[in-house]
Amino acid sequence: QVPLVESGGGLVQAGGSLRLSCAASGRLYSINSMAWYRQAPGKQRELVAAITGGGYTNYEDSVKGRFTISRDNAENMVYLQMNNLKPEDTAVYYCNVKGIYLRRYDYWGQGTQVTVSS
C-alpha cells in the first residue's frame, strides 16, 4: 500500500482560508479518483470533494463555491483549497486515492485536523 500524507490543516477564524495537500510516498498508476473526505466528532465520514482521472469534479453541497479540489498528475498529488471557512467545516480531513493497477487499490492518509473558530 502506498502511504498518503495530508498537510495544511490548522486553526483558522471563520471566513479564513486553508489549503490542504496530499502527497503519495510512492508512484500511483491508473488513478480512478482522488478525493477529500472529512469526519467530525460524532458524525460519519463524508465525501467533501473528488476529482476523477479525467478531471471531472464533484463537491458536497455545503462546500460548493467555497472549496476547490485540484490535482498534480505528474506528482500524484491532490489539493483542497478551502475558502470562506465556517465552523461547520471543523473536522479531520482525509485524502483518498482509488484506482486499478494489477489489482484494485484504495489508499487513505492519516488525516489532518481543520478547526474553524467562530
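The values are calculated or read from the model by the stated rules, or taken from the named source; none is laboratory data. Everything quoted here is computed from the prediction, not taken from an experiment. Glycine gets a Cβ as well: all are built from the backbone with ideal geometry, and neighbour counts include every protein chain shown. Just the protein is used for accessible areas: all its heavy atoms, side chains included, with ligands, DNA and RNA removed. Shrake-Rupley method; radii C 1.70, N 1.55, O 1.52, S 1.80 Å.
Within region 100-118, can one find any residue that is of a type in the set (S, T, N, Q), in contact with a helix residue (DSSP H, G or I) (Cβ under 8 Å, 6 or more places away or on another chain) and at pLDDT below 95? Spell out how you get there, then give the answer.
We begin by selecting, within region 100-118, every residue of a type in the set (S, T, N, Q); these are 110, 112-113, 115, 117-118.
Going one step further and asking which of them are in contact with a helix residue (DSSP H, G or I) (Cβ under 8 Å, 6 or more places away or on another chain), we end up with 117-118.
From what is left, the residues that are at pLDDT below 95 are 118.
Checked against the condition, which is being of a type in the set (S, T, N, Q), in contact with a helix residue (DSSP H, G or I) (Cβ under 8 Å, 6 or more places away or on another chain) and at pLDDT below 95, region 100-118 yields at least one hit.
Taking the conditions (1) out of contact with any strand residue (DSSP E or B) (no Cβ under 9 Å at 6 or more places or on another chain); (2) over 22 Å from LEU11 (Cβ atoms) in turn, THR57 satisfies each one other than (1). Selection of region 92-106 for residues being outside any loop (DSSP other than H, G, I, E, B), over 12 Å from the mean Cα position of the chain (by Cα) and either farther than 19 Å from ASN58 by Cβ or in contact (Cβ under 8 Å) with a residue 40 or more places away in the chain (or both) yields LYS98, GLY99, ILE100, TYR101, ARG103, ARG104, TYR105. Filtering region 1-31 to residues that are more than 15 Å from the chain's Cα centre (by Cα), modelled with pLDDT of 95 or more, small (Gly, Ala, Ser) and open to solvent by 30 Å² or more (accessible area, probe 1.4 Å) leaves ALA14, GLY15. Residues of region 56-79 being in a loop (DSSP other than H, G, I, E, B) and open to solvent by less than 30 Å² (accessible area, probe 1.4 Å), which ones? Result: ARG66, ASN76.
Go through region 32-53 and report how many residues are open to solvent by 60 Å² or more (accessible area, probe 1.4 Å) and touching a Cys at 6+ places or on another chain (Cβ under 7 Å). Residues meeting the conditions: 0.
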